[in-house]
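Student: I have a structure I would like to understand better, so I am pasting it below and will then ask my questions one at a time.
The values are calculated or read from the model by the stated rules, or taken from the named source; none is laboratory data. Bear in mind the structure is a predicted one, so any value in this text is a computation, not a measurement. Positions of Cβ are generated from backbone atoms using ideal geometry, with glycine treated the same way; all protein chains shown enter the neighbour counts. For the accessible areas, the whole protein counts, side chains as well, though only heavy atoms, and no ligand, DNA or RNA atoms are used. Shrake-Rupley method; radii C 1.70, N 1.55, O 1.52, S 1.80 Å.
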Amino acid sequence: MARERDDAGSAVARLLDRPLPREERIEAAARLAQSASRQQRASAGTFVFRLGEEWLGLPAGLIDEVLELRPVHRLPHRRDAVLRGLVNVRGRLTVCVALPALLQTGAPVAARAGAIARRLVVLAAAEGALAFEADEVHGSHRFDAEEVRAVPSTVAHALARFATGVLPWGERRIGLLDDGLLLHALNRQIS
C-alpha cells in the first residue's frame with residue numbers, strides 16, 4: 001500500500017515537474033502580460049468633486065480629508081477673491097481658499113436631489129495644508145488612463161489653464177486638474 005502511494009506521488013511529481021510545451025508557455029505569458037497591462041492602465045485615481053456646474057478631479061493622493069463645513073474666519077486687511085481666510089481643522093488653523101475664484105467656475109449652485117451637502121476638502125500640500133469648499137463630493141474614482149480626452153477649446157480659459165484632460169464619467173465629464181499648477185497658483189495668490 002505504501003509502495004502504491006509512493007508510485008502515485010512520484011507520478012504526480014513527474015507530471016508537475018515536466019517542462020511545458022512552447023505553445024502553452026507563450027499563451028501563459030500573454031495572459032500574464034494582458035493582466036498586468038489591465039492593472040497598470042486602471043492604476044490612475046482621482047478625487048471627484050463639484051464646484052458650481054463643473055465636475056473636477058484632483059489626484060487622490062493630494063486629499064488629506066473631507067469634513068463638514070466649518071466657519072471661515074476672514075483675515076483683516078485682506079480683500080483677496082482667492083484667499084477666503086482661516087478655518088479650524090482639528091485644532092490647526094488652515095488656509096481656506098476659494099477655488100471657484102481661481103478657476104472662474106461661477107457661483108455655487110443649489111445642491112441636487114440626493115446630493116451630499118457641501119463639504120470642506122483639505123489638501124495635503126507640501127507647502128502646508130490648504131482647504132476649499134466643494135459644492136458636492138463624490139470621492140475617489142479609479143479610471144483607465146486611456147479614457148482621458150483632450151481639454152476642449154470651449155472650456156473657460158481659466159479652468160483650461162489648470163486642466164490636463166477630461167474624463168468621461170457616466171453622462172458627466174470630469175475636468176482633471178494639474179495639482180502642481182493649481183498649488184503653485186494658489187500659493188502665489190495667498191502669499
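Student: Could you list, ordered by first residue, the pairs with Cβ atoms under 6 Å in which the first is in region 129-141 and modelled with pLDDT of 95 or more and the second is crowded, with 18+ Cβ neighbours inside 10 Å and among the polar types (S, T, N, Q), at least 6 apart or interchain?
Tutor: ALA131/THR94
Student: Okay, moving on. In region 1-51, which residues are under 20 Å from GLU146 (Cα atoms), in contact with a helix residue (DSSP H, G or I) (Cβ under 7 Å, 6 or more places away or on another chain) and at pLDDT 70 or above?
Tutor: ALA44, GLY45, THR46, PHE47
Student: Kindly indicate whether VAL87 is open to solvent by 30 Å² or more (accessible area, probe 1.4 Å) and modelled with pLDDT of 95 or more.
Tutor: no
Student: List every residue pair whose Cβ atoms lie under 7 Å apart, where the two residues are 6 or more positions apart in sequence or sit on different chains, the first residue falls within region 155-179 and is free of Cβ contacts under 8 Å to residues at least 24 places away in the same chain, and the second residue, located anywhere, is assigned to a helix (DSSP H, G or I).
Tutor: The qualifying pairs are PRO168/GLU147; ASP178/PHE162.
Student: Follow-up question, since we're still on this one. Are any residues in region 171-191 assigned to a strand (DSSP E or B) and among the small types (Gly, Ala, Ser), and if so, which ones?
Tutor: GLY175
Student: Another question about this same structure. Can you find, within region 148-170, the residue that is least open to solvent (accessible area, probe 1.4 Å) among those that are part of a strand (DSSP E or B) and under 16 Å from HIS184 (Cα atoms)?
Tutor: If we filter region 148-170 for residues that are part of a strand (DSSP E or B), which is where we start, we get 149, 163-169.
From the residues that got through so far, the ones that are under 16 Å from HIS184 (Cα atoms) too are 163-164.
Working: ALA163: 23, THR164: 84 Å².
Per the criteria, the residue is ALA163.
Conditions (1) open to solvent by less than 50 Å² (accessible area, probe 1.4 Å); (2) under 14 Å from the mean Cα position of the chain (by Cα); (3) more than 14 Å from PHE49 (Cα to Cα), marked per residue:
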site: ALA125; (1), (2), (3): yes, no, yes
site: ALA129; (1), (2), (3): yes, no, yes
site: GLU133; (1), (2), (3): yes, no, no
site: HIS141; (1), (2), (3): yes, yes, no
site: GLU146; (1), (2), (3): no, no, yes
site: ARG172; (1), (2), (3): no, no, no
